[in-house]
Amino acid sequence: MTVQPPIAMLAELTHRCPLSCPYCSNPTELVRKNAELDTDTWIKAFRQAAELGVLQVHLSGGEPAARRDLEDLTRGASEAGLYTNLITSGIGLTSRRLDQLEAEGLDHIQLSLQGTNAALADRIGGYRGGFDRKMAVAQEIKARGIPLTLNAVMHRQNLDDLDRTIEIAVELGARRLEVACVQFHGWALGNRAALLPTREQTQAVKATVAEAARRLQGVLAFDFVPPDYYADYPKACMNGWGSTGLNVTPDGTVLPCHAAETIPHLEFQNIRDHALADIWNDSPAFNAYRGTDWLPDPCQSCERKEIDFGGCRCQALALAGDAGATDPICRKSPLHAQVTRALLDQPNDRTDAFTYRVNP
Ligand code: SF4
Ligand code: FES
């Protein structure tokens, strides 16, 4: 098959972070500071990405502002010709650093929102004072006119605050709000009993987002990641494995998605040892689930196989024990009824207590 170039690169510059969100998408085995790529290697990776066809880089973490060279990295990505998006909690972004990031060519900021008030947000993020600091940074971003997306990971303990979340996005002048219902990988999988929304919340969130998107047309755009445990069909995770995006971890490991390292039989190559184009085009890991030829039944004979590519490989592993299986969220999966019944009809298993992410 012909391999199309990727569009986006998620650059996890560091796993260090002042917050400890219990749904963090970082792996449970975090990379330590002394194993992180240095400035020059990251900039070389950005150049290789641009040559390969990547258009935008998401400078992410952990908290990317924990890197003292964030300004140099932003300049390097910008000079490579990439659209630069900073994904941040806001902690560590001083006024001076924002000025400098803007001067180095930063195009866009995506600010996370853990909750709509200090008590809730600081409990979820595990960081006292984080909400107030974030709101101050958001005002600085607004004053500078840097395009802003607010990124709200939603789950059972904050979904009832969705209306206020939307109001905050409007007040902060955000152009876009990502209502991202939590995906159960990494730390979130371990916290599923504290995060899994109720069926009622799941129905309400869809209606609220649809109504707000209509009402705020031209003011605030919405990206909606629905809560898929209650869905009939799975999402096209990463728009299909190895199709449009790649992730680079703090130590330079190149992955087809953020949770790919949970798949034990795959070996992932490192940007220190291989050219990015070779990894993308030819590595066994990127080709393992690319396209549709590998799909099992019922996907192989399904009319949706070019729409969702059999769902999420990491979710198939977590729920079915096989990364090559039909994602059990799909109603056609032979495991669907068993898995969803076990997950959704056990309200007594729910807890409000979090296991917080640790700092490497
Ligand atoms: Fe998607 Fe496979 Fe389900 Fe069809 S059977 S909807 S391709 S996951
Ligand atoms: Fe890995 Fe979906 S998170 S394929």
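Considering each residue of segment 338-346 in turn, none proves to be within 13 Å of ligand 1 (Cβ to nearest atom), over 26 Å from HIS265 (Cα atoms) and of a type outside the set (S, T, N, Q).
So, in segment 171-188, how many residues would count as being of a type outside the set (Val, Ile, Thr), in a loop (DSSP other than H, G, I, E, B) and under 12 Å from the mean Cα position of the chain (by Cα)?
Here is the first cut: in segment 171-188, the ones of a type outside the set (Val, Ile, Thr) are 171-178, 180-181, 183-188.
So of that shortlist, the ones also in a loop (DSSP other than H, G, I, E, B) come out as 172-175, 183-185.
Okay, now just the ones that are also under 12 Å from the mean Cα position of the chain (by Cα), so 183-185.
Of the residues in segment 171-188, 3 are of a type outside the set (Val, Ile, Thr), in a loop (DSSP other than H, G, I, E, B) and under 12 Å from the mean Cα position of the chain (by Cα).
Among the conditions (1) more than 19 Å from the chain's Cα centre (by Cα); (2) within 15 Å of ligand 2 (Cβ to nearest atom); (3) of a type in the set (Lys, Arg), ARG313 misses just one, which is (1).
For segment 245-265, the set of residues classified as touching a Lys or Arg at 6+ places or on another chain (Cβ under 9 Å) and part of a loop (DSSP other than H, G, I, E, B) consists of PRO250, ASP251, GLY252, PRO256, CYS257, ALA259, ILE263, listed by residue number. Going through (1) within 16 Å of ligand 1 (Cβ to nearest atom); (2) over 30 Å from ASP349 (Cβ atoms) one by one, ALA236 falls short only on (2). Beta carbons closer than 8 Å, at least 6 apart along the sequence or on distinct chains, pair a first residue in segment 188-199 that is polar (S, T, N, Q) and surrounded by fewer than 23 Cβ atoms within 10 Å (Cβ to Cβ) with a second that is in a loop (DSSP other than H, G, I, E, B) and at pLDDT 90 or above for THR198/ARG156. Is it the case that some residue within segment 36-59 is under 30 Å from PHE131 (Cβ atoms), modelled with pLDDT of 95 or more and crowded, with 24+ Cβ neighbours inside 10 Å? The answer is yes; a qualifying residue exists.
For every residue, the table says whether it meets (1) modelled with pLDDT of 95 or more; (2) surrounded by fewer than 13 Cβ atoms within 10 Å (Cβ to Cβ); (3) under 21 Å from ALA188 (Cβ atoms).
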{"position": "HIS274", "(1), (2), (3)": "yes, no, no"}
{"position": "SER283", "(1), (2), (3)": "yes, no, no"}
{"position": "LEU319", "(1), (2), (3)": "no, no, yes"}
{"position": "ASP349", "(1), (2), (3)": "no, yes, yes"}
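Within segment 45-76, the set of residues being part of a helix (DSSP H, G or I) and without any contact (Cβ under 8 Å) to a residue 60 or more places away in the chain comprises PHE46, ARG47, ALA50, PRO64, ALA65, ALA66, LEU70, GLU71, ASP72, THR74, ARG75, GLY76.
Residues considered: GLY218, GLY291, GLY242. Of these, the only one that is assigned to a loop (DSSP other than H, G, I, E, B), in contact with a Pro (Cβ under 8 Å, 6 or more places away or on another chain) and either within 16 Å of ligand 1 (Cβ to nearest atom) or on the phi > 0 side of the Ramachandran plot (or both) is GLY242.
Scanning segment 310-334 for residues that are in contact with a Gly (Cβ under 8 Å, 6 or more places away or on another chain) and within 7 Å of ligand 1 (Cβ to nearest atom) yields THR326, ASP327, CYS330. Remark: pairs (first residue in segment 288-306, at pLDDT 95 or above and of a type in the set (Val, Ile, Thr); second residue in a loop (DSSP other than H, G, I, E, B) and within 15 Å of ligand 2 (Cβ to nearest atom); Cβ separation under 9 Å; 6+ apart in sequence or on different chains) = THR292/GLY240; THR292/PHE309; THR292/GLY310.
Just so you know, in segment 141-155 the residues that are surrounded by 18 or more Cβ atoms within 10 Å (Cβ to Cβ) and not polar (S, T, N, Q) include one that is nearest to THR94 (Cα to Cα), and it is ILE141.
Here's the yes/no breakdown for (1) of a type in the set (A, V, I, L, M); (2) away from ligand 1 (no atom under 16 Å from the Cβ); (3) buried (at least 18 other Cβ atoms within 10 Å of the Cβ):
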position	(1), (2), (3)
LEU159	yes, yes, yes
THR165	no, yes, yes
CYS181	no, yes, yes
THR202	no, yes, yes
VAL205	yes, yes, yes
ARG214	no, yes, no
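Selection over segment 121-138 of residues that are assigned to a helix (DSSP H, G or I) and either in contact with a helix residue (DSSP H, G or I) (Cβ under 7 Å, 6 or more places away or on another chain) or farther than 17 Å from ASP352 by Cβ (or both) gives a count of 11. Filter segment 225-258 down to residues that are under 28 Å from GLU63 (Cβ atoms), surrounded by fewer than 16 Cβ atoms within 10 Å (Cβ to Cβ) and more than 16 Å from ligand 2 (Cβ to nearest atom), then give me how many there are. So the answer is 0. If ALA275 passes every condition in (1) in contact with a helix residue (DSSP H, G or I) (Cβ under 8 Å, 6 or more places away or on another chain); (2) under 30 Å from LEU172 (Cα atoms) but one, which one does it miss? With (1) in contact with a helix residue (DSSP H, G or I) (Cβ under 8 Å, 6 or more places away or on another chain); (2) under 30 Å from LEU172 (Cα atoms) applied to ALA275, the lone miss is (2).
Candidates in segment 200-232 are the residues that are hydrophobic (A, V, I, L, M, F, W, C) and without any contact (Cβ under 8 Å) to a residue 24 or more places away in the chain; of these, the one that is nearest to ASP160 (Cα to Cα) is ALA207. Please indicate, with yes or no, whether at least one residue in segment 300-314 is closer than 28 Å to GLN157 by Cβ, touching a helix residue (DSSP H, G or I) at 6+ places or on another chain (Cβ under 6 Å) and in a helix (DSSP H, G or I). The answer is yes; a qualifying residue exists.
The values are calculated or read from the model by the stated rules, or taken from the named source; none is laboratory data. Quantities reported herein were computed from a predicted structural model and do not represent experimental measurements. Glycine also receives a Cβ, built like all others from the backbone with ideal geometry; neighbour counts cover every protein chain displayed.
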